[in-house]
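*Asks:* Structure provided below as structure tokens; questions to follow.
The values are calculated or read from the model by the stated rules, or taken from the named source; none is laboratory data. Nothing here was measured: the structure is a model prediction, and the numbers come from that model. Reconstructed Cβ throughout: ideal geometry from the backbone, glycine too, with neighbour counts over all protein chains shown. Side chains are part of the model used for accessible areas, which takes the heavy atoms of the whole protein and leaves out ligands, DNA and RNA. Shrake-Rupley method; radii C 1.70, N 1.55, O 1.52, S 1.80 Å.
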Amino acid sequence: MSTTTAPSPGAGQEDLARLEAHWGERASLRSWFSTVDHKRIGRRYLVTASLFFVLAGTSALAMRTQLARPESNLLSPEEYNQLFTMHGTAMIFLFATPMLFGFGNYLVPLMIGSRDMAFPKLNAFGYWVFLFAGLFMWASLPFGAAPNGGWFAYVPLTDDRNTPGLHMDVYTLGLLFLGIATTAGSINFIVTALKLRAPGMSLNRVPLFVWAIVATAFMVIFALPALNLDNAMLFLDRRFGTHFFDPEAAGNVLLWQHLFWIFGHPDVYIIVMPALGIVSAVLPAFTRRGVVGYVLIVLAIVSIAIISFGVWVHHMFATGLPHLSYSFFSAASTIITIPSGIQIFAWLATMMLGRLVVRVPLLFLVGFIVTFVLGGLTGAMFALTAFDQQVTDSYFVVAHFHYVLIGGAVFPILAAIYYWLPKMTGRMYHEGLGKWAFWLFFTGMQVAFFPMHLSGLFGMPRRVYTYRDEPGWDVWNMVSTIGAYILAVGLLLVLIGVVHAIRRGRPAPPDPWCGDTLEWSTESPPRPYNFPVLPQVHSLHPTWDQPSRSSMAEDATPDRILADGRRTLFTSELDGRRERVVEMPEASLQPLLLALAMLVFFTAMLFAWYPFAVAAAVAVAVIIAWWLWPPRRPEEELGVAR
Amino acid sequence: MDRAHDLEHPGRRRPSRRVGPALVVAAVLTLAGCSGGSPSTLDPGGTGAARIADLWWVLFWISAAVFAEVMVLLVWALVFRRGRDTRVRHGQPLRFVAIAGAGVPLVILVVVYALGLRDLAALGAGPGRDAPTIEVTGHKWWWEVRVPGIDGATANELHIPVGERVRVRLRTADVLHSFWVPQLMPKTDLIAGEMRETWLHAERAGTYRGQCAEYCGTQHAHMALQVIAEPRSQFEAWLARLAAPARQPTTEAERRGQQAFVQGSCAGCHAIRGTGADARVGPDLSDVGSRWSIGAGAVPNDAGHLGGWIVNPQTVKPGSYMPPQPVDAQRLPDLIAYLRSLE
Amino acid sequence: MSAQPGPRTRLAGGLLLWYAVLGGALAWAIHLMLAWGIDELTCASGSDRIGAVPLRVVVALAVVVPALATVGALLAAALAWRRTAHTRSDGIAEGTLGRTRLLAALGLWANLLFLAIILLGGVALLVFPPCQR
Amino acid sequence: MSSRNLAAATSTEALTTELPVGRSTGWWGMVMFVTTEATLFACLLGSYFYLRFQHGGEWPPGGIAQPKLLRPLVMTAVLLPSSLPMIWADRGIRRGSRRRLRYGLVATILLGTTFLVLQATEYAELFHEFTLTTNAYGSLFFVITGFHGLHVLIGLTMLSWLLAAALRGGSFGAHRHDRVRNAAIYWHFVDAVWAAILFTIYLSPRL
């Protein structure tokens, strides 16, 4: 229906037809496998991550059911230990980051006024790797061979002597495999945001969500190698008899923890940061004003991204290292609260100075503030070594990080789903259903996780598959379980709401919220080329400002229509000055093939079929060589001397 | 229509305003009232945990105040700043954000950080040179307890004299564990290949429950221990019992039980002082009859559970390293009688 | 100031701005790696000296020098902030100027934060003997 | 003079200089990739020092001899200069000289291969003394040098691939040399990492 709307005054009918011819994809099986459209890939990330979320959430419900009563026998300890490990691992690696990368993939090119990501094929490749790595890890569960060492997999519990079998091999190889996708995606985000911004979008006009995604991507670049190295070492220790973590042969078990948390703490912010970006992106539409203190929020994003690398030892405050060395990390962990405080008060100021339009996305933002502030307050407590030693590894910390991660990531993600659903599907959601979903989810969340503070303070350690009838434990565990089910019903309503919107929702206009960023100045859903005319940006809120808006309509110039091919614009890194027009790649099967070859490699490594692994590695090299092979061009175009 | 719609909302919103504070109030009430009997960090029995409990209450009240502040602002905005006025507003009042978001938190955090340093320094000032020392070794999934200079050992239970600081040396025989007695002292991890030290101090006599706090595999859930704080004389009696051979059997049944123990498979893993059984794979059983539980907190220590445990520990504590024992049905009561007599 | 700066001067100016933005972060990172690494690893070897120098002095150096570097970055940021305050008519594009001011402001705030971290961590030197556990 | 320079460098015009500017997406992609790889090597070398100092005692442990220096120095003398023909080739193709590209690539590949052969002979010799599984030192030694060797191998694959494309014709010229420059960045990175490894593995135990 939205395909037949009148062309915008800027690009003529003929331009639109040519753009459609260059960018459009015919619906076919092949195009399903070969697409490089960031919007399709972004949607796939969202759907796949949601699927993994359902699996990890179901694991959690099983665990909560087991813990509802003392000494329950619903799950065996082996089953429980696999479930909690998969729950944590999947929520962090297979849900939170990919989900937010999905929003990033869909939105970053739209928000910066570009026609695709910088490396569309790499983007497709990243999705396939994520999908395969997720399936690789979940496939182990039905066989009872799922990882069982906790999501941070401390050695020596996870070495081959203490955990024989495939469990931890699935973990190490699965995360190494997945790391390829995350790294590829991050590089893509950085380069896209640096080079593909619309002309005029200097750094001070970059939407906060894009800042957040780029900061996240930089964190991945610097944090993920530590995890990859850790996993590689553990795999070598388990499979090939190296001794990195073996204290009897000059190894050290704390090396694992240092490397893991050098990754692990930034990873908390890798999860939360893009979600905070979502908050900054959604809020303006429902307060009718730009977020207060743009500079301060950018400061918060940048400084959190950096400081998060210097707080990792606070996860090791009970390991008995010198108190002085703890204090440097304690200081950083204390101060990192300040940028978060700045953001919270900037959002509060935005709400107090704006005019609130209370719709479902705003409700989820309110839920976010309540929950995330509580999680942040207990988080600041963990910065104090002495207090941390008492409550770490108890249910108090379980309560804390669920407040941070559900508050800081899931609430914004749900807000984002409702906010951008009209853009992505061209359909409006049902407001009443959404409100019910919010209230159930919000209530369930508080009822499920607040009591965990108490059971933790009452001395209940985490990761126990059952417990004796200690006073104060049984009641609060029962309450938590009830809350978990309420929360699940809330999420079910979200799902029903999305399905309902797609099937029955009324058609969405291009800009149902009067949003301020560029995605609202395209159709809902956007055409494959995103923008008939690439915008010229004049302010931080281009959709609210007349010159930016008219640059896509009556002030359009042919050098921003670029209908002669799959083309978009490069601009300069900091100031967003126009540089040149570039040709974007066509759809291709290479990304899928490359990901498949890697799947074969990791599967072969898992089952120790090394000849297959070598063959798969060769296949990987061949596919990359083919992918990057330069097209033959005429000499004059190349510029050859003789 | 819009107005009616708006009027409908305050009623529906009320729960949101109350949920947070209500939970906080509920928390305060339960924290203050409900701690009898549970190993609660807020019911400290000695200096170490008492410091942390005090620190917690400071942190709690600061957090409550900050949370209340945020809620007031949020609710104020939701009540007074809603409307259908769709004009876009600009302007960047940075001062409010800088003061409320950075200035005030900085002051609070510096104070809190200082308190944290003070308490960490207090925890770091351990017992004196000649304080009693106890050695605890973590095993999958039980605690071995020894005293330097004394040959004997016990499991999942250690005694300390009331009012004195006792040094605890921590080692692990396998994976990482964490030594945590919530009412006495924060955690210290047991690190493979290294020795760690902590200390315990109890102001009042009593029994304090502890549990392994670092995930250590299948039966991490059942790796509890008890710290018994008692007057100095009783502590010394415990030391003496630890040094002495186990109680000799007195009845015929106990004697048969001892024989079954020493000649059967039990002695392959366990020790009982003075019987010639001296294996160190499983816990030393010389005082097993007086212990508070079987399987490091898995089940209470009574004849019925003991019998069940011997016949098949895997139903009680699945994954435990003790295999089912082929004890014949006639010998079992003797074995139970003997083990129950070891006090 | 009036003449167009040459390429080398421009390079120096651009680098100076980046020092103003990231100098504190870099100094803090170096401080953390050195202070923590030296403390944990020296204590692990059972000594509280490095050669003839007491560990406490070495760690103190790893606090003071980065703190000074951060102060330097703070000053550079303040300079950049002032130099870009009133130049709308100088023919520098509005986007460029806005972007530079954004970075300068980021530098001001970020360096303050990093200075606070370094100082708070450094205070612990007065409280703990370097190898107390 | 210097105060005038300072004044110029802190002028509004200088401070508003856009830096970095004008790089291609390919350049940024490769630089980011190299950055993440460099972080990986930093973690690896950091782990070496962490294990060494946590171990305390004698290093290398377990009676393993101090690493011999002659061969690694020769390897250094082979690998580090291999960046020169690469630079020469890269600059050549930027001016449209395909000849310089081909000869430069051949020279770099020869030097890189020599490096790998020398490393293989070193391994063959060391395997008599200790291996990957002897102790953590052995694991570190072979994993660090082996991982770097793998990078050299990947680099050589990239360069051979470039050479094949360059020999075909119609691939590179003054206006199309992104792939050459990206491969060059990678190769220089592999070189630079070797310098860090030389210091860590071979020189630092003697300090």
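*Asks:* Could you work out [θ]222 nm for chain D from helices alone, using -39500 (n - 2.57) per DSSP H run of at least four and dividing by all its residues? Round to the nearest 500 deg cm²/dmol.
*Replies:* -24000 deg cm²/dmol
*Asks:* Set the Förster radius R0 to 45 Å, insert the Cβ-Cβ distance between D:Leu207 and D:Thr113 as r into 1/(1 + (r/R0)^6), and round the FRET efficiency to 0.05.
*Replies:* Taking R0 as 45 Å, the efficiency between D:Leu207 and D:Thr113 is 0.90.
*Asks:* Can you classify the stretch B:95-225 as rounded, prolate or oblate using the Cα gyration tensor, where a ≥ b ≥ c are the square roots of its eigenvalues, rounded means a/c under 1.5, and otherwise it's prolate if a/b beats b/c and oblate if not?
*Replies:* On the way: a/c = 2.67, a/b = 1.82, b/c = 1.47.
Prolate.
*Asks:* Can you bin every Cα-Cα distance in the stretch A:439-593 into 10 Å intervals starting at zero and give me the percent of pairs per bin, rounded to whole numbers?
*Replies:* Here the calculated profile for the stretch A:439-593 is 9, 21, 18, 16, 17, 14, 5, 0.
*Asks:* Cut-off 10 angstrom, C-alpha nodes, Gaussian network model of chain B. Which of B:Trp238, B:Trp61, B:Trp142 fluctuates the most?
*Replies:* Highest fluctuation among the options: B:Trp61.
*Asks:* Sticking with this one: If amide hydrogens are placed 1.01 Å from N in the peptide plane, which non-local residues have theirs closer than 5 Å to the one on B:Ala155?
*Replies:* Hits under the 5 Å cutoff: B:Val145.
*Asks:* B:Lys317: which lysines have alpha carbons under 19 Å from its alpha carbon, excluding same-chain residues fewer than 8 sequence positions away?
*Replies:* Candidates past the 8-residue exclusion: B:Lys140.
*Asks:* Within the stretch A:208-241, list the residues whose amide N lies under 11 Å from a label point set 7 Å along Cα→Cβ of A:Ala608.
*Replies:* Once the point is set 7 Å along Cα→Cβ of A:Ala608, A:239-241 turn out to lie under 11 Å by backbone N, inside the stretch A:208-241.
*Asks:* Helix check for chain D. Which DSSP H runs span at least 18 Å along their own axis by Cα, with a mean Kyte-Doolittle hydropathy no less than 0.0?
*Replies:* Span-like helices in chain D: D:25-55, D:98-126, D:136-168, D:178-197.
*Asks:* Rounded to two decimals, what is the ratio between the C-alpha radius of gyration of chain B and 2.2 N^0.38 Å?
*Replies:* Scaled against compact globular proteins, the figure is 1.38.
*Asks:* Along the principal axes of its C-alpha atoms, what lengths does the stretch A:354-438 span, in descending order and rounded to whole Å?
*Replies:* The Cα atoms of the stretch A:354-438 stretch 52, 27, 21 Å along their principal axes.
*Asks:* What is the count of Lys pairs in chain A whose alpha carbons sit under 23 Å apart, if the two are 8 or more places apart or on different chains?
*Replies:* Here the count comes out as 5.
*Asks:* Through the Karplus equation 6.51 cos²θ - 1.76 cosθ + 1.60, θ set to phi - 60°, convert the phi angles of the stretch B:289-296 into ³J(HN,Hα) values in whole Hz; use x for Gly and Pro.
*Replies:* 3J(HN,Hα) across the stretch B:289-296, in whole Hz: x, 9, 6, 7, 7, 10, x, 6.
*Asks:* May I pose another question? What percent antiparallel are the DSSP beta bridges of the stretch B:133-243, to the nearest 5?
*Replies:* Of all bridge pairs located within the stretch B:133-243, approximately 70 percent are antiparallel.
*Asks:* Something else now. Charges on Cβ only, +1 for Lys and Arg, -1 for Asp and Glu, centred on the Cα centroid of chain B; of B:Val281, B:Pro44, B:Gln211, which one is farthest towards the dipole's positive end?
*Replies:* Projecting each Cα onto the dipole axis, the largest value belongs to B:Pro44.
*Asks:* Between the helical axis of A:337-353 and the dominant principal axis of chain A, each derived from Cα atoms, what acute angle in degrees is found, rounded to the nearest 10?
*Replies:* Taking Cα atoms only, the helix is inclined about 50 degrees.
*Asks:* With each run of n ≥ 4 DSSP H residues scored as -39500 (n - 2.57), what mean residue ellipticity at 222 nm is computed for chain A after dividing by its residue count and rounding to the nearest 500 deg cm²/dmol?
*Replies:* Here the helix-only value at 222 nm equals -21000 deg cm²/dmol.
*Asks:* Sticking with this one: To the nearest 10 degrees, how steeply does helix A:97-111 sit against the main Cα axis of chain A, on a 0 to 90 scale?
*Replies:* That helix lies at roughly 20 degrees to the long axis.
*Asks:* With a 1.4 Å probe and all protein chains left in place, how much accessible area per residue does chain B have, in Å²?
*Replies:* Roughly 42 Å² per residue, with all protein chains present.
*Asks:* Next question. Do you know the relative contact order of the stretch B:252-340, to the nearest whole percent, from alpha carbon pairs under 8 angstrom that are 6+ apart?
*Replies:* On the way: 117 pairs, mean separation 32.4, N = 89.
It rounds to 36 percent for the stretch B:252-340.
*Asks:* Moving to a separate point now. Work out how far the C-alpha atoms of the stretch D:73-207 reach from end to end along every principal axis, then list the three figures in whole Å, largest first.
*Replies:* So the three principal-axis extents are 52, 27, 20 Å.
*Asks:* With axes computed from alpha carbons, what is the tilt in degrees of helix A:208-240 against the longest principal axis of chain A, rounded to the nearest 10 within 0 to 90?
*Replies:* For helix A:208-240, the angle is close to 50 degrees.
*Asks:* Let me ask another. Quick one: pull the percent of accessible area on the protein assembly as shown belonging to carbon and sulfur, 1.4 Å probe, ligands and nucleic acids left out. Let's see the in-between values first.
*Replies:* On the way: 30420 of 47080 Å².
Answer for the protein assembly as shown: carbon and sulfur cover 65 percent of the accessible area.
*Asks:* For chain D, with a Gaussian network of springs between Cα atoms less than 10 Å apart, report the residue from D:Ser82, D:Ser11, D:Ser139 with the top mean-square fluctuation.
*Replies:* D:Ser11
*Asks:* Further, regarding this structure: Please list, in chain and number order, the residues 5+ apart from B:Glu197 or on another chain whose amide H is under 5 Å from its amide H, with Hs placed from the backbone.
*Replies:* It is B:Leu170, by chain and number.
*Asks:* In the stretch B:49-76, which residues become less accessible by 40 Å² or more once every protein chain is in place, relative to the chain on its own, using a 1.4 Å probe?
*Replies:* Residues losing area: B:Ile52, B:Trp56, B:Leu59, B:Ser63, B:Phe67, B:Val70, B:Leu73, B:Leu74.
*Asks:* In addition: Please give me, ordered by residue number, the trypsin sites (Lys or Arg not before Pro) of the stretch B:37-118 that lie in loop per DSSP and have at most 12 other Cβ atoms within 10 Å.
*Replies:* B:Arg84, B:Arg87
*Asks:* Might you tell me the accessible area per residue for the stretch D:1-153, computed with a 1.4 Å probe and given in Å²?
*Replies:* 42 Å²
*Asks:* Next question, about the same structure. Hey, what's the stretch A:588-629 come to in accessible area per residue, 1.4 Å probe, Å²?
*Replies:* 50 Å²
*Asks:* Please name which of A:Val537, A:Leu593, A:Leu606 has its Cα lying farthest along the dipole of the stretch A:496-642 towards the positive end, using unit charges on Cβ (Lys, Arg +1; Asp, Glu -1) and the Cα centre as origin.
*Replies:* Farthest along the dipole direction, towards plus: A:Leu606.
*Asks:* As a test of the definition: with a 1.4 Å probe, what buried accessible area, both sides summed, do you compute for A against D, in Å² to the nearest 100?
*Replies:* 4300 Å²
*Asks:* On to the next question. Ignoring everything except DSSP H segments at least 4 long, calculate the 222 nm mean residue ellipticity for chain B; use -39,500 (n - 2.57) per segment, divide by total residues, nearest 500.
*Replies:* -13000 deg cm²/dmol
*Asks:* Roughly how large, in nm² to one decimal, is the mean projection of the convex hull of the alpha-carbon atoms in the protein assembly as shown?
*Replies:* That works out to 52.1 nm², a quarter of the Cα hull's surface.
*Asks:* Pulled fully out, how much extra length does the chain show between A:Arg239 and A:Arg69, if you take 0.36 nm times their separation in residues and subtract their Cα-Cα distance? Don't jump to the answer; show the numbers that get you there.
*Replies:* On the way: separation 170, 0.36 × 170 = 61.20 nm, distance 3.97 nm.
This chain segment gains 57.2 nm when fully extended.
*Asks:* Right, something else. Please express the Cα-Cα pair-distance distribution P(r) of the stretch D:122-162 as a list of whole percents, one per 5 Å bin, running from 0 to the bin with the greatest distance.
*Replies:* Calculated P(r), rounded to whole percents: 7, 22, 22, 18, 12, 10, 6, 3, 0.
*Asks:* Assign unit charges at the C-beta atoms only (+1 for Lys and Arg, -1 for Asp and Glu), then state the dipole size of the protein assembly as shown relative to its Cα centre in Debye, rounded to the nearest 20.
*Replies:* That gives a dipole near 3740 debye.
*Asks:* Could I ask something else about it? Let's test the formula: R0 of 51 Å, r as the Cβ-Cβ distance of A:Ala21 and D:Ala174. What FRET efficiency results, to the nearest 0.05?
*Replies:* 0.95
*Asks:* Mind listing the phi-derived Karplus ³J(HN,Hα) values for the stretch B:261-273, rounded to whole Hz, using 6.51, -1.76 and 1.60 with θ = phi - 60°, and x for any glycine or proline?
*Replies:* 5, 5, 8, x, 6, 3, 5, x, 10, 10, 10, 9, 4
*Asks:* Leaving out ligands, DNA and RNA, calculate the buried accessible area for the pair B and A with a 1.4 Å probe, summed over both sides, in Å² to the nearest 100. All intermediate terms of the calculation are to be shown ahead of the outcome.
*Replies:* Details: alone 18860 and 25780 Å², together 36290 Å².
That pair of chains buries around 8300 Å² in total.
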